[in-house]
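Working notes, structure below.
Just so you know, all these numbers are worked out from the coordinates, no wet-lab data involved. Small disclaimer: the values here were computed from a predicted structure and weren't measured. Neighbour counts run over all protein chains shown; Cβ positions are idealised from the backbone, glycine included.
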Ligand SMILES: NC(=O)c1ccc[n+]([C@@H]2O[C@H](COP(=O)([O-])OP(=O)(O)OC[C@H]3O[C@@H](n4cnc5c(N)ncnc54)[C@H](O)[C@@H]3O)[C@@H](O)[C@H]2O)c1
Ligand SMILES: [Zn+2]
């Protein structure tokens, strides 16, 4: 049985996120009703293409679509303006029209850069996310954020550009290496800390693959709720940045050698220990969060100094003026936004290291 969750977006009725095993091979059934054009460009990376491109293509062709494919080298290093430019040129060379559509098939890197391309090709064409990593299933494919990294930092270019449909096939996780799965687990634990006991206790047990369907459903429901309340991240949606201020700093300082999920795990651990020092979180809650991260094989510390992390975080885009908004956990299911002057950031991070 498929699960369908609606994500409200803009003034429209929003878009469905459909979760079901085997859906990649039947994606056209869900896409034909929302794509009126003839042609579909499937954008993916060099790891995902040999695994899932054929079944997606076959389904789309059975429904009468003409399919063109664009494959770029896998990895965060491809999430840049050069790949964006190559995708746009590819779409134009293949005469994709405004009524045609794009499918982003892959992890968060594919979703972010292909979604960005959909948002700016001919001032915006329809598109769908078909996430294939746990991270993309539970987080990046939902909510309409698209992005490219700039030399100055991650996600510094991008659009809010919601898809017409998100199709999640948990079967795709079967080919995912444990190391990549654990990146998604970091976002699951983050979401569990925000959402509450139900999800957190599922994640903390550590057997993520067995509980993947339930975990994905709960994460998507939580994200849909937050995005419905604050689509453009003016307030409540900032909660989703739990662990990300320090996490992005770790990612940037490592030259992206530390993956997004692993960096988020480190960021979550540091900000939770910092919250204890600020008197906002109990030792027990902190110990539970650290234990959950470790049980899932995630790191909880970094060798970067508080100075380096604060400097990197301050040059990050999520800063407004002279202050920075941190997300502090107080309990499971209880996090608060905490606005602090940038000059105090180093002092907050240091005891969290
Ligand atoms: N837009 C958002 O709201 C949002 C939210 C969170 C993260 N992100 C972004 O997502 C990105 C990270 O995403 P990610 O962790 O999915 O990374 P990724 O897309 O690089 O995928 C990780 C690796 O797994 C491979 N892969 C993908 N699916 C596979 C499968 N089913 N089987 C085997 N291998 C597979 C990929 O080729 C890649 O090598 C970051 O750039 C981050 O900034 C965006
Ligand atoms: Zn993230």
Length released on extending from residue 88 to residue 122, taking residue separation times 0.36 nm less the Cα-Cα span: 11.3 nm
Span per principal axis, largest first, for the Cα atoms of region 231-352 (Å): 36, 31, 30
FRET efficiency, residue 46 to residue 350 (Cβ-Cβ, R0 35 Å, nearest 0.05): 0.30
Whole-percent pair-distance distribution, where bins are 10 Å wide, for the alpha carbons of region 1-119: 13, 43, 38, 7, 0
Packing-based exposure ordering (other Cβ within 10 Å, fewest first) of 325, 268: 325, 268
Sorted by Cβ neighbour density within 10 Å, fewest at the top, the residues 120, 27, 286, 335: 120, 286, 335, 27
Rounded tilt (10° steps) of 244-253 against the dominant C-alpha axis of the chain: 80
Relative contact order [Cα under 8 Å, 6+ residues apart], region 1-80, whole percent: 28
DSSP-defined antiparallel bridges as percent of all bridges, region 3-176, nearest 5: 25
Mean projection area, nm², convex hull over Cα of the chain: 15.8
Inter-centroid distance (Cα atoms) of region 190-215 relative to region 96-132, Å: 29
Nearest 10 degrees, 0 to 90: helix 212-229 Cα axis against the chain principal axis: 80
Separation of alpha-carbon centers, region 1-62 and region 217-286, rounded to whole Å: 28
Folded to 0 to 90 degrees: helix 260-277 orientation relative to the chain principal axis, Cα: 30
Theoretical gain in end-to-end length, residue 322 to residue 38 [0.36 nm per residue, Cα-Cα removed]: 97.3 nm
Antiparallel %, DSSP beta bridges [both residues in the chain], to 5: 45
Residue 3-residue 291 FRET efficiency (beta carbon distance; Förster radius 35 Å; 0.05 resolution): 0.75
